[in-house]
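Novice: Take a look at this one; I'll ask things after.
Nothing in this text is a laboratory measurement; each read-out follows from the coordinates by a stated rule. Computed from a predicted model, the values in this text were never measured in an experiment. Cβ: placed from backbone, ideal geometry, glycine included. Neighbour counts: every protein chain shown.
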Amino acid sequence: MPRMSKVQKSEKHRRLVRGVRKHWMNVTDFKVAGVPCTPTEVIDGLQSLVEQHDRTARAYAAWRDEVRRERLLEKQIGPIVRSVQHRVRSQFDRDAKKLADFGMRYVKPGPKKLESKRQMLAKRKKRKAGAA
């Protein structure tokens, strides 16, 4: 059986409340899970569960709305963030302490010339051959 959604659970509990109200309100000897209780207590418990489902659904919808707003704001402010980061990099490119003040870090550039890349690969081959 597939898993029930929150909407299905809420509807199931609402129907249980309706059924108890319709058929068992005049019952005095009422046991639920081996515990004696009144139909009103059963209805109150089921109703509180339905209300909690509704509160959870509203909170989830509000959270989704806030996430949508956050993404929209990130999209609008993104160019400003990238521009500031670019300016910081261009002004303090090799100063690790000043970059850290902006929450950035200095990244040492790798080899730039083809010959230095070949030398690096040759050294790597030697190390692997020596380790094996």
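Novice: Between Val32 and residues 5 or more places away or on another chain, which pairs have amide H atoms under 5 Å apart, with H built 1.01 Å from N, and which residues are they?
Specialist: Amide H to amide H, under 5 Å and 5 or more residues apart or across chains, Val32 pairs with Cys37.
Novice: I've got another one for you. Round to the nearest 0.05 the FRET efficiency obtained for Glu51 and Val84 when R0 = 41 Å and r is the Cβ-Cβ distance.
Specialist: FRET efficiency, Glu51 to Val84: 0.30.
Novice: So, one more: Based solely on its DSSP helices, what 222 nm [θ] is calculated for the chain when runs of n ≥ 4 H residues each add -39,500 (n - 2.57) and the sum is averaged over all residues, nearest 500 deg cm²/dmol?
Specialist: Only helices count here, giving -25500 deg cm²/dmol.
Novice: Also, I was wondering about something else. Considering Cα pairs under 8 angstrom that are at least six residues apart, work out the relative contact order of the chain and quote it in whole percent.
Specialist: 15 percent
Novice: Can you tell me which of 22-29, 85-92 comes out highest on packing, and rank the rest after it, using the mean Cβ neighbours within 10 Å?
Specialist: Descending mean neighbour count gives 85-92, 22-29.
Novice: State, to one decimal in nm, how far the label point of Arg124 lies from the label point of Glu74, with both points 7 Å from Cα in the Cβ direction.
Specialist: Calculated label separation equals 3.2 nm.
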